[in-house]
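The values are calculated or read from the model by the stated rules, or taken from the named source; none is laboratory data. For clarity, every value in this text was computed on a predicted model and none was experimentally measured. Because the Cβ atoms are built from the backbone with ideal geometry, glycine has one as well, and the counts that use them run over all protein chains shown.
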Amino acid sequence: MSTTPPGAGLARTLATNGTLTDPMWHRAVLATDRSAFLPETIYGLDPAHPGWECPITRTDPRWDRWVAGDFALVTQVDDGEPVGEDGRGRLPTSSISQPSLVVEMLQALDAREGHRVLEIGTGTGYNTALLCHALGEEAVVSVEVDPRLAETAVKNLAEAGHHPTVLTADAAEAPAVSEGEFDRVLSTVAARGQVPLWWVEQSAKYGVIVTPFEVGNTPGVLLRLRVHGDGTATGHFIGDAPFMVMRSQRPDVRRVRELVDEDDQEATDGLIELNPRVVAYRNQGWQLALGHLVPGLRYAVYEAAEDRPEWAGEATVYVATPDGSWAVAEYTPDGGAYQTRQAGPRALWAEITAAADEWMRFDAPGRDRLGVTVDEWGTHLWADSPAGLLDPVRRGWPRSNRAWS
């Protein structure tokens, strides 16, 4: 008597919408029960408690639809210690990823029988189970920063019949992975600003690294790198991938405006020619360049009150970085020079202007023209080819007044 595979419904959904195209991963999704990897409580937004992640249990009528559908589900908040009443949390800190994105990333690995895979971010263990089914548990090593999550994942995997190696370590730092080289590295957490070099060092020649990547205010993008024999890796952005950031790379969760002290006695006033609104220009290539060239930058734009017609079109732009640097600029539609106030060790508007110059020097490349190199000196952004590094420091931070359209 035949039985329906536990992942049949999800596999049908992903195959029908065109996401699931590789038979190897189709078989893995079919054979794996996603619901078995969920804790008794997940979290979701509730209009009655804005700003909070609220607990949802298996008795909730939404549970089955969410688990069976193509949804990412928050499985932990506040690093496992919810700070609110009734188990509510502020910050999502672990999840079971959206199945369509999981499949896209697995297929981007181009993994085949005989390949060994290093997974960064075990989480619930669901993604690990897919890897084990496709490649064999002996070929999979997974690293998880949270000991409690790692313990639960090992239990979930064992109940599903899988026993891969699961290590507890911070994937931003090189853990004690003694299992040799890996043909593929798959991260289910975003690298913010820098891809850890040890991921490259632990990879075999011609290996592939697939990871979410995030800089500045950008939502995550999916980065695919090819490892070379000289200890470097290069690659391109291949899609969107909004993932949680590695814990040791998390940005400050406070609003940007809270990082600014306009009454600071050491703050200085000045003028800039660059339109301060460009920080929010909705071009993903620009946002990647800005976030890379002004490390740690966060920004917010506050429009003038609608009930004050004399301020129509005006806005205040706030920018800040983790080292305590901040700046404010007042935008008016009249143009000309814009008033600024800033403090801290970095001259942020000068850096932003230099970043704008550099991006325009390459004719304003979109995401499709940008790529990344990872080497012993860090993570570098380039346009069109690895020779086209976006690096204004080499030219002494040029500051021209270019037009934006």
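List of remarks:
Let's see how each residue does on (1) touching a strand residue (DSSP E or B) at 6+ places or on another chain (Cβ under 6 Å); (2) closer than 23 Å to Val200 by Cα; (3) part of a helix (DSSP H, G or I); (4) not assigned by TED's automatic domain parsing to the domain that holds Gln202:
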site	(1), (2), (3), (4)
Gly114	no, yes, no, no
Leu118	yes, yes, no, no
Cys132	yes, yes, yes, no
Val141	yes, yes, no, no
Arg148	no, no, yes, no
Thr152	no, no, yes, no
Lys155	no, no, yes, no
Ala158	no, no, yes, no
Gly161	no, no, no, no
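- Test: Glu181 is assigned by TED's automatic domain parsing to the domain that holds Glu113, touching a residue at least 24 places away in the same chain (Cβ under 8 Å) and over 19 Å from the mean Cα position of the chain (by Cα): yes
- Every residue from segment 281-296 that is among the aliphatic types (A, V, I, L, M) and either at pLDDT below 95 or outside the structural domain of Ala350 (by TED's automatic domain parsing) (or both): none
- Positions within segment 231-260 being under 18 Å from Ser97 (Cβ atoms) and free of Cβ contacts under 8 Å to residues at least 12 places away in the same chain, in sequence order: none
- Just one residue in the set Ala15, Ala108, Ala48, Ala72 is under 22 Å from Leu157 (Cβ atoms) and not hydroxyl-bearing (Ser, Thr, Tyr); that residue is Ala72.
- No other residue among Asp230, Asp183 is in a loop (DSSP other than H, G, I, E, B) and among the charged types (D, E, K, R) apart from Asp230.
- Among the residues listed as Ala191, Ala134, the single one being farther than 28 Å from Pro23 by Cα, crowded, with 23+ Cβ neighbours inside 10 Å and touching a Phe, Trp or Tyr at 6+ places or on another chain (Cβ under 7 Å): Ala191
- Qualifying residue in segment 327-344 (condition: aromatic (Phe, Trp, Tyr), part of a strand (DSSP E or B) and touching a helix residue (DSSP H, G or I) at 6+ places or on another chain (Cβ under 8 Å)): yes
- Of the candidates Asp269, Asp261, the single residue that is modelled with pLDDT of 95 or more, among the charged types (D, E, K, R) and either surrounded by fewer than 19 Cβ atoms within 10 Å (Cβ to Cβ) or outside the structural domain of Asp363 (by TED's automatic domain parsing) (or both) is Asp269.
- Residues of segment 138-163 that turn out to be crowded, with 17+ Cβ neighbours inside 10 Å and either within 24 Å of Val245 (Cα to Cα) or acidic (Asp, Glu) (or both), as a count: 14
- For segment 302-329, filtering for residues that are in contact with a Ser or Thr (Cβ under 8 Å, 6 or more places away or on another chain) and modelled with pLDDT of 95 or more leaves 3.
- Going through (1) among the hydroxyl-bearing types (Ser, Thr, Tyr); (2) within 30 Å of Leu197 (Cβ to Cβ); (3) more than 20 Å from the chain's Cα centre (by Cα) one by one, Ser95 falls short only on (3).
- Annotation: Val103 fulfils all but one of (1) farther than 24 Å from Thr168 by Cα; (2) surrounded by fewer than 20 Cβ atoms within 10 Å (Cβ to Cβ); (3) touching a Ser or Thr at 6+ places or on another chain (Cβ under 6 Å); the unmet one is (2).
- Segment 67-81, subset hydrophobic (A, V, I, L, M, F, W, C) and touching a strand residue (DSSP E or B) at 6+ places or on another chain (Cβ under 6 Å), residue surrounded by the fewest Cβ atoms within 10 Å (Cβ to Cβ): Ala72
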